[in-house]
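Asks: Below is the structure I would like to discuss, written out as structure tokens.
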Amino acid sequence: GNSVTQMEGPVTLSEEAFLTINCTYTATGYPSLFWYVQYPGEGLQLLLKATKADDKGSNKGFEATYRKETTSFHLEKGSVQVSDSAVYFCALLYGGSQGNLIFGKGTKLSVKP
Amino acid sequence: NAGVTQTPKFQVLKTGQSMTLQCAQDMNHEYMSWYRQDPGMGLRLIHYSVGAGITDQGEVPNGYNVSRSTTEDFPLRLLSAAPSQTSVYFCASRSTGFNTEAFFGQGTRLTVV
């Protein structure tokens, strides 16, 4: 079946450190891939997405590249800020235009000043 | 636009009580869904709807009912609350074009005692 696996947290970094959160997926066909972010006390919001192999999604300094050969969609940021502290979810959309999102378990990031 | 609005934000129920979690969106989205978020489990799909009058089960539907009489509203009903239903519930909506962004409500934190 379809599934998403992302690295366990929590992840604690100092401000300006490099961030990588690993995400791999299992899916039939060619799903679209997403990263959502959840700030404390809030719902999820879209951070970035990629819809086909080799696409790179980017937003707010975060990037992720859709790697079909390794079935991965790792999230990276070159220099994190305290304001990036949140829970990050990798997700895939299967089933076409009426399909459902499947989420990974989430990775909590804490950035210390 | 208000986006996706969930009520209530917090609720405490006794085992065996029933209640309805409300979800409304003002973006004319065809697709709406309910997730529950539990520690270490990520988000799991409870029920979803691709349009008024159409609903279907997700990964964890037992103990929950839904209906979709209008495009705007998608209430989630707990028929007889159990402690295992203690969770944070999120409603989400999106249009049914390909690869569209899902918008989430702020969540309802439910405790069943």
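Asks: With the structure loaded, tell me whether B:Gln17 is in a strand (DSSP E or B), open to solvent by 20 Å² or more (accessible area, probe 1.4 Å) and touching a Ser or Thr at 6+ places or on another chain (Cβ under 8 Å) or whether it fails that test.
Replies: no
Asks: For segment B:24-46, how many residues meet the condition of being open to solvent by less than 40 Å² (accessible area, probe 1.4 Å), more than 9 Å from chain A (Cβ to nearest Cβ) and free of Cβ contacts under 8 Å to residues at least 60 places away in the same chain?
Replies: Qualifying residue count for the region: 5.
Asks: Does segment B:47-89 hold any residues that are over 13 Å from B:Trp34 (Cα atoms) and open to solvent by less than 20 Å² (accessible area, probe 1.4 Å), and which are they?
Replies: B:Gly51, B:Ala81, B:Gln85
Asks: Another question, if that's okay. Among (1) of a type outside the set (Phe, Trp, Tyr); (2) closer than 20 Å to B:Ala92 by Cα; (3) open to solvent by 80 Å² or more (accessible area, probe 1.4 Å), where does A:Gly1 come up short?
Replies: For A:Gly1, the exception is condition (2).
Asks: Among the residues of segment A:63-71, are any modelled with pLDDT under 95, assigned to a loop (DSSP other than H, G, I, E, B) and on the phi > 0 side of the Ramachandran plot?
Replies: No - not one qualifying residue is present in segment A:63-71.
Asks: Still on this structure, I have one more. Please determine whether any residue of segment A:53-61 is modelled with pLDDT under 95, open to solvent by 70 Å² or more (accessible area, probe 1.4 Å), in a loop (DSSP other than H, G, I, E, B) and closer than 15 Å to A:Ala86 by Cα.
Replies: No - not one qualifying residue is present in segment A:53-61.
Asks: For segment A:72-105, how many residues are part of a loop (DSSP other than H, G, I, E, B), among the aromatic types (Phe, Trp, Tyr) and open to solvent by 10 Å² or more (accessible area, probe 1.4 Å)?
Replies: Total meeting the criteria: 0.
The values are calculated or read from the model by the stated rules, or taken from the named source; none is laboratory data. Note that the structure is predicted; figures quoted are calculated from it, not measured. Cβ sites come from the backbone with ideal geometry, for glycine too, and all protein chains shown count toward neighbours. Each accessible area value is taken on the protein alone, full model and side chains, heavy atoms only, with ligands, DNA and RNA left out. Shrake-Rupley method; radii C 1.70, N 1.55, O 1.52, S 1.80 Å.
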